[in-house]
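> Mind looking over this structure? Questions follow.
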Amino acid sequence: MTANDKSIHNNVQQVRKILNRRGTASRNWDFSLVQDTTVGLLGEAGSVQFRAEIFNILNHPDFSFPNTVAFGRDPTFLSPFSQAPESNFGQITATNGKPRQIQFALKILF
């Protein structure tokens, strides 16, 4: 490895460390509404409970970490600098978590 190759290798390692530390904060807000209604047909303590639950109500995306692979993983190359860099190095290409979800429930208590 020449001196120039070593400095490039060190720079790539530093970029990987920086990218691995960074990531977006997870912001996930859940919301729930509950309505209890007494029903005389179900007996003295009978009631019906309606629930509406919304997960990730703000629908905020949770991005995954950037791609940290600068060069391909072809085992036939002896040096990581003998091939072209990956086109998506440092880019965020995926999300974590789930989109907004809404569920309704009806519960009968007697």
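The values are calculated or read from the model by the stated rules, or taken from the named source; none is laboratory data. Being a predicted model, the structure only gives us computed values, none of them experimental. All Cβ positions, even for glycine, are placed from backbone atoms using ideal geometry, and neighbour counts span all protein chains on display.
> Restricting to segment 73-89, name every residue that is modelled with pLDDT under 80 and either surrounded by 12 or more Cβ atoms within 10 Å (Cβ to Cβ) or among the acidic types (Asp, Glu) (or both).
ASP74, PHE77, PRO80, PHE81, GLN83, PRO85, GLU86
> Right, next: What tally of residues in segment 54-68 results from selecting those that are in a strand (DSSP E or B) and within 10 Å of GLY97 (Cα to Cα)?
Qualifying residue count, segment 54-68: 2.
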